Amino acid sequence: MFPLVREAVASVLPVERLRYIGFSHVEADECGSLNEWLAVAPESSPLCGKVAALVSIDDMADRPARALTDGETLSLGKHTMRWFDTPHLPHAWECGFLMEEQTRTLLCGDLFTQGGAEHAAITESDILGPSEAFRHAMDYYAHTQNTRAILEKLASAEPTTLACMHGSTWKGDGAKLLRALADELSP
Ligand SMILES: [Fe+2]
Ligand SMILES: [Fe+2]
């Protein structure tokens, strides 16, 4: 999908100006085209958590990662990204999420995955119901004893936009929705 995603990014800014290629965890849909991005954006670095850098990225990627620790921020100029370690939530030891603090946008990866291909870009209507329906059909969570505490850490950041990787981006009280997800996962 690299050519399609590249075309979409180019509608926002020239791809060669990208400085970071960020992702949540190591899977094909998260970072399978990482080296292609590093090639078209010569000033860019992979951006991920310490575990991803240690276990995979510093071996797989064509340039070393900028690896963030839990809670660390990275200034992009007008915007600031904060990294949250979320090991095994929803899956993968190296999993984590980036949040943009000025717009309070949580790039929430596989959380709230909604099945199907036809989705509005942004919605304020319920995404928890559709994402729970998808999870019950194809559960992709690790279900560890830390699930609720990690979701609470994300809720405490009080995101107002949940940028889902699969499905519509959601606007609303993100803390409330993350806590509702915790209730579904560990009743
Ligand atoms: Fe994933
Ligand atoms: Fe995914």
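Observations
- Ranking of SER11, SER45, SER24, SER186 by neighbouring Cβ atoms within 10 Å, starting from the fewest: SER11, SER186, SER45, SER24.
- Loop-located GluC sites (Glu not before Pro) across the range 103-187 with a Cβ neighbour count of 11 or fewer within 10 Å are GLU118, GLU124, with loop assigned by DSSP.
- Kirkwood Rh, angstrom, the range 10-111 [1 / mean 1/r, Cα pairs]: 13.7
- Applying a DSSP loop filter and a limit of 16 other Cβ atoms within 10 Å to the trypsin sites (Lys or Arg not before Pro) in the range 84-154 leaves ARG104.
- Considering all C-alpha pairs of the range 1-68, those separated by over 16 Å amount to 41%.
- Rounded to 5, the percent of DSSP beta bridges in the chain classed as antiparallel: 55
- Working from the Cα coordinates of the range 67-139, the gyration tensor eigenvalues give, after taking √(5λ), semi-axes of 26, 17, 8 Å in decreasing order.
- Longest stretch of the chain clear of exposed loop sites (chymotrypsin sites (Phe, Trp or Tyr not before Pro), DSSP loop, at most 16 other Cβ atoms within 10 Å, sites excluded): 1-92.
- Restricting the range 19-74 to trypsin sites (Lys or Arg not before Pro) in coil, as DSSP defines it, with at most 16 other Cβ within 10 Å: ARG19
A short reminder: the numbers here are calculations on the coordinates, not readings from a lab. Not measured: the values here are computed from a predicted model. Cβ atoms come from the backbone with ideal geometry, glycine included; neighbour counts cover every protein chain shown.
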